[in-house]
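Some notes on the structure that comes next.
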Amino acid sequence: MALSSHEYLATEFPERLTALRMERGRTQQALADQGGLAVLQIHRYEGETSQSTLDEIRRLAIALGSSADSLVFDDHERGPSETLRYQFEAISRMPETDQSAIRVLLDAVFVKNQVAGAIERVARQPAVAGPPVKAEAKPRRAQAGGARR
């Protein structure tokens with residue numbers, strides 16, 4: 001029996017890989033062929049006797065039609081909250097002009113928060129005393145007839 005997407009996200013990588021592979025109805029051999037890996041390597045990943053590289057995780061995700069995040073991270077570690085996810089899905093069904101307007105608004109909010117964060121970081125920094133300021137010397141008057149020694 002295949003796990004729901006929420007169930008496999010709550011497990012570790014070997015369990016996530018196995019659950020997602022089975023949910024997609026793939027054998028270890030089929031996944032290996034689609035991902036360009038040896039079937040023994042898939043067996044090792046699922047059996048927790050080997051760790052995959054980033055490139056292998058990428059190839060597995062592509063072969064499974066999922067994100068690398070879904071293989072690596074728990075549900076609460078990455079991605080938007082359920083509320084935001086539903087809002088993003090609703091936005092994706094809107095006309096392109098509305099999507100463009102929403103992107104402009106989101107960019108403005110991102111910039112506002114980045115600026116606020118930068119100001120807060122600067123305000124928390126201790127004041128650094130610069131070099132002492134020297135009093136300016138009065139300019140010398142040029143003497144008539146050239147300089148004397």
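We did not get these values from a lab; they are worked out from the coordinates using the rules stated. Everything numeric in this text was worked out from a predicted model, so none of it was measured. Here Cβ is always computed from backbone atoms with ideal geometry, including for glycine, and neighbour counts include all displayed protein chains.
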Every residue in the range 75-106 that is among the acidic types (Asp, Glu) and surrounded by 13 or more Cβ atoms within 10 Å (Cβ to Cβ), please. 75
Could you list, in sequence order, the residues of the range 12-32 that are loosely packed, with under 14 Cβ neighbours inside 10 Å and part of a helix (DSSP H, G or I)? 29
